[in-house]
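S.K.: Dropping a structure here in C-alpha cells format, bear with me for questions.
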Amino acid sequence: MAAAAGGVPVRVCHQEIVKFDLEIKAAVQELEQMAREQDKESEKQALLQEVENHKKQMLSNQAAWRKANLACKIAIDNSEKDQLLQGRDSLRQRKTTKESLAESASNITESLMSISRMMAQQVQQSEETVQTLANSSRTILEANEEFKSMSGTIQLGRKLITKYNRRELTDKLLIFLALALFLATVLYILKKRLFPFL
C-alpha cells in the first residue's frame, strides 16, 4: 500500500520530466532554427553558442535523471531482495522496511522533483531567449522598413535637386540671351544715333 502511494508521485514526476524534456528540445530546436536564419554572422554565432549551452544542460539533466531513475530501481530491487531473503519476520522489521522504502521513495521523489524544477528553469530560459530574439527580429524589420521609406524620400529629393539644377541652367541661359539682346539693341540704337550714315 505504501509502495503504491509512493509510486504515484514518482510516476507523476516521471511524466513531468518527460514533458519538460520535450518542451526543452522543442525550444532548443526553435532557437537553433532562428539562429540559422539570422543575417548577421555575430548574432548567428552568439545564438548558436546559446543553443550549444542549452544542449549541454539538457544532456546533463538527462544524465542526472537517468542516475536518479537507476538509483530508484536499484533501491527497489534491493528492498525486494531483502524482503524475499528475510521471509516473514516480525512486524517490527516490516515496519522498518516500509519506512526505509518510504524514505528512499521520498528521497528519489525529491531528486526527481529537483530535476523537474531544473528542466522547468531551462524551458523558461529558452522561452526568454526566443522572446528576445523575436523582439530583435521585429526591431530589425522596423528599421528595415524605415530605411526603405527614407530611401524613397532620398530618391525624390535627388530628382527634385536635379530638376532645379536644370531649371537654374535654363534660367541663366535665358538671362544671358536677354542681356545679349538688350546690349545688341543698345548698340543698334547708338549706332543709328551716332552714325546715321552707316
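The values are calculated or read from the model by the stated rules, or taken from the named source; none is laboratory data. As the structure is a computational prediction, the values presented were derived from the model and not from experiment. Please note: Cβ atoms are built from the backbone with ideal geometry, for glycine as well, and neighbour counts cover all protein chains shown. Heavy atoms of the whole protein, side chains included, go into the accessibility calculation; ligands, DNA and RNA do not. Shrake-Rupley method; radii C 1.70, N 1.55, O 1.52, S 1.80 Å.
S.K.: Just name the residue that is surrounded by the most Cβ atoms within 10 Å (Cβ to Cβ) out of those in segment 135-159 that are small (Gly, Ala, Ser) and either in contact with a Leu (Cβ under 8 Å, 6 or more places away or on another chain) or over 19 Å from Asn53 (Cβ atoms) (or both). Walk me through it before giving the result.
M.R.: Here is the first cut: in segment 135-159, the residues small (Gly, Ala, Ser) are 136-137, 143, 149, 151-152, 157.
In the following step, the residues that additionally are either in contact with a Leu (Cβ under 8 Å, 6 or more places away or on another chain) or over 19 Å from Asn53 (Cβ atoms) (or both) were identified as 137, 143, 149, 151-152, 157.
Details: Ser137: 15, Ala143: 10, Ser149: 9, Ser151: 10, Gly152: 10, Gly157: 10.
So, considering only residues that are small (Gly, Ala, Ser) and either in contact with a Leu (Cβ under 8 Å, 6 or more places away or on another chain) or over 19 Å from Asn53 (Cβ atoms) (or both), the one surrounded by the most Cβ atoms within 10 Å (Cβ to Cβ) is Ser137.
S.K.: May I ask you to verify whether Asn69 is of a type outside the set (Phe, Trp, Tyr) and modelled with pLDDT of 80 or more? Break it down into steps so the answer makes sense when it comes.
M.R.: Working: of a type outside the set (Phe, Trp, Tyr): yes; modelled with pLDDT of 80 or more: no.
So Asn69 does not fit the description; no.
S.K.: Shifting gears a bit: Looking at Thr109, Thr185, Thr129, can you tell me which residue is in contact with an Asp or Glu (Cβ under 7 Å, 6 or more places away or on another chain) and either in a helix (DSSP H, G or I) or within 30 Å of Glu16 (Cα to Cα) (or both)?
M.R.: Thr129
Results for (1) open to solvent by 40 Å² or more (accessible area, probe 1.4 Å); (2) more than 15 Å from Ile115 (Cα to Cα); (3) assigned to a helix (DSSP H, G or I); (4) touching a residue at least 12 places away in the same chain (Cβ under 8 Å), shown as yes or no for each residue.
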{"residue": "Asp21", "(1), (2), (3), (4)": "no, no, yes, yes"}
{"residue": "Lys25", "(1), (2), (3), (4)": "yes, yes, yes, yes"}
{"residue": "Gln29", "(1), (2), (3), (4)": "yes, yes, yes, no"}
{"residue": "Ala35", "(1), (2), (3), (4)": "no, yes, yes, yes"}
{"residue": "Ala46", "(1), (2), (3), (4)": "yes, yes, yes, no"}
{"residue": "Val51", "(1), (2), (3), (4)": "no, yes, yes, yes"}
{"residue": "Ser60", "(1), (2), (3), (4)": "yes, no, yes, no"}
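S.K.: In segment 103-153, which residues are of a type in the set (Ser, Thr, Tyr) and under 21 Å from Glu37 (Cα atoms)?
M.R.: Ser126, Thr129, Thr132, Ser136, Ser137, Thr139
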